[in-house]
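To start, the structure itself, in structure tokens.
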Amino acid sequence: MDLRQDFPLLVTPEGKQLTYLDSAATAQKPELVLQTLDHYYRHDNANVYRGVYSLAARATAAFEQAREKVASFIHAEPDEVIFTSGTTESVNAVAWAWARAELKPGDEILTSEAEHHSNLVPWQEAARATGAKLTFVPLDEDKLVTTEAVLAAITPRTKIVALAQVSNVLGNLPLNVAAISDAAHRVGAVVIVDGAQSVPHMPIDVHAMGADFVAFSGHKMMGPTGIGVLYGRRQMLAVMAPFHFGGEMISHVDAESSTYKDAPQKFEGGTPPIAQAIGLGAACDYLERLDMSEVMAHDRTLGEQAASRLRRVPGVTVYGPSEGRMGVVSFNLEDVHPHDVATALDQQGICVRAGHHCCQPLMRQLGVAATVRASFYAYNTEADIDKLAAGVMSTMEFFHHVAH
Ligand code: C6P
């Protein structure tokens, strides 16, 4: 597929192409999303739930329709979709509102050293607040979390399993969440999936996955920034306390106490990110038209091709799975700082990320301070890999020439 024409930022008016290889950080936005945002602000903008006039009713209908689109995208029911500001807020919501109420000293929170800080630090804080203990899935020789290792690490004391389905650094093939959820539920544990790098890139059926919570970000799936989702199983949302208190989440307020609405409204106090949710709905429409099985196959092919091309460059180390990966490839050039690599590639019109990718414990496990990371999405093509491989080769030659 070549979708570049749908993404204004990727092609300049003069026809110059940008090789954008940082979709794991944030994805570019198609015309459909941009036009939907523009249309909303020009024609439908009003606060939701509050007004009785027809403009407000239109805004409310568009907002709730966006919830239905997101629900259908992940095969959930609309009342299981809570709008948040992103994956980080979604994980924090569970760590604050559910975990602090449920955890006791000695309980175990099973996570891993390969997690993004957003799915590690909230659990460190929850453990500190409750006396629960963090336990870590042992990583395999490629520093990957495997489904088998997760299953083996679940104990009768495990109360929460909190793992990324796909790593933002290593691009492993998705964990088998259904098997993990089965094993966790057998010991009475709940499962929260960090879907930041999986939901945008593969077909998702949250009910088939069996997880209790799934967190993801709109901006990584071609939607706007400032919008994310916490999917919660209906039974979990019924018992979980609200985490934001204020307007529109209440059913009755007295001077001294209040009662709250049912999910999802009880979790969405205050004016929600209305335009962003509607923009995310448009992103779901766009991705569904592409077909998520096709998107996954495309991203996987590019990730695997890029890894094998980069491995052939002398002096390049590629991290992650030796076979089979999603569209995320982290690598380093011998004796060249990752930031220098990213700067050199930028001069050739190639955008990659360099750094610890908010995964400092994983960097320690890999024995490096940082990596360069190229990440792919539906709008990337094999030509982008050619440019990346040539860019890496010339960067290597330049630095080694300078060094000698
Ligand atoms: N990773 C990256 O370049 P937010 O920032 O809330 O939208 O997403 C946080 C997050 C959580 N989990 C995983 C696996 C992630 O990849 C991210 C975001 C970006 O890798 C920015 S650090």
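What's the carbon and sulfur percent of region 1-92's accessible surface, probe 1.4 angstrom, rounded to a whole number?
53 percent
Which whole-Hz couplings ³J(HN,Hα) result when phi for each residue of region 210-222 is put into the Karplus expression 6.51 cos²θ - 1.76 cosθ + 1.60, θ = phi - 60°, listed in order with x for Gly and Pro?
Whole-Hz 3J(HN,Hα) from phi for region 210-222: x, 6, 7, 9, 9, 10, 7, 10, x, 5, 8, 10, 6.
Using only the heavy atoms of the protein chains and a 1.4 Å probe, how would LYS69, LYS16 rank by accessible area, largest first?
Sorted by accessible area, descending: LYS16, LYS69.
Rounded to the nearest 5, what % of the DSSP beta bridges within the chain are antiparallel ones?
55 percent
Hey, what does the equivalent ellipsoid look like for region 185-335, semi-axes from the Cα gyration tensor as sqrt of 5 times each eigenvalue, largest first, whole Å?
39, 18, 15
Where does the Debye-calculated log10 I(q)/I(0) of region 123-276 sit at q = 0.15, 0.17, 0.18 Å⁻¹, using only Cα point scatterers of equal weight, no solvent?
Reported log10 I(q)/I(0), two decimals: -0.92, -1.12, -1.21.
What Kirkwood radius, in Å to one decimal, follows from the Cα pairs of the chain?
When all Cα pairs of the chain are included, the Kirkwood radius is 22.1 Å.
Taking +1 at the Cβ of each Lys and Arg and -1 at the Cβ of each Asp and Glu, which of LEU388, GLN348, VAL368 sits farthest along the dipole of region 273-404 towards its positive end, judged by Cα position relative to the Cα centre?
Farthest towards the positive end: VAL368.
How much length is gained on full extension from ASP346 to GLU68, taking 0.36 nm per residue of separation minus their Cα-Cα distance?
Net length gain for the segment: 96.1 nm.
Just to confirm, what accessible area per residue do you get for the chain at 1.4 Å probe, in whole Å²?
Normalised by residue count, the accessible surface of the chain is 41 Å².
Work the Kirkwood hydrodynamic radius out for region 291-403: mean of 1/r over every pair of different alpha-carbon atoms, inverted, in Å. Write out the running numbers ahead of the final one.
Details: mean 1/r = 0.0699 Å⁻¹.
Computed over region 291-403, the radius equals 14.3 Å.
Taking every DSSP beta bridge that has both residues in region 169-319, what percent is antiparallel when rounded to the nearest 5?
Working: 8 of 11 bridges.
Percent antiparallel among DSSP bridges in region 169-319 is about 75.
First select every other residue whose beta carbon is under 14 angstrom from the beta carbon of ALA215; then total the charges, Lys and Arg +1, Asp and Glu -1.
-3
HN-Hα J couplings of region 163-180 from phi, Karplus 6.51/-1.76/1.60, θ = phi - 60°, integer Hz, Gly and Pro as x?
In residue order, the calculated couplings are 9, 7, 6, 9, 6, 6, 10, 9, x, 4, 4, x, 5, 7, 5, 4, 5, 5 Hz.
Which ³J(HN,Hα) values in Hz, rounded to whole numbers, follow from the phi angles of region 324-339 under the Karplus curve 6.51 cos²θ - 1.76 cosθ + 1.60, where θ = phi - 60° and Gly and Pro get x?
Each residue's phi maps through the Karplus curve to give x, 8, 7, x, 9, 10, 9, 7, 9, 9, 3, 6, 10, 5, x, 5 Hz.
Please report the accessible area of HIS356 (heavy atoms, 1.4 Å probe, ligands and nucleic acids excluded) in Å², nearest 10.
70 Å²
Please compute the length gained on full extension between HIS401 and SER308, using 0.36 nm multiplied by the number of residues separating them and subtracting their Cα-Cα distance.
Gain in length upon complete extension: 31.0 nm.
The values are calculated or read from the model by the stated rules, or taken from the named source; none is laboratory data. None of the values given here were measured: they were computed from a predicted structure. Positions of Cβ are generated from backbone atoms using ideal geometry, with glycine treated the same way; all protein chains shown enter the neighbour counts. Heavy atoms of the whole protein, side chains included, go into the accessibility calculation; ligands, DNA and RNA do not. Shrake-Rupley method; radii C 1.70, N 1.55, O 1.52, S 1.80 Å.
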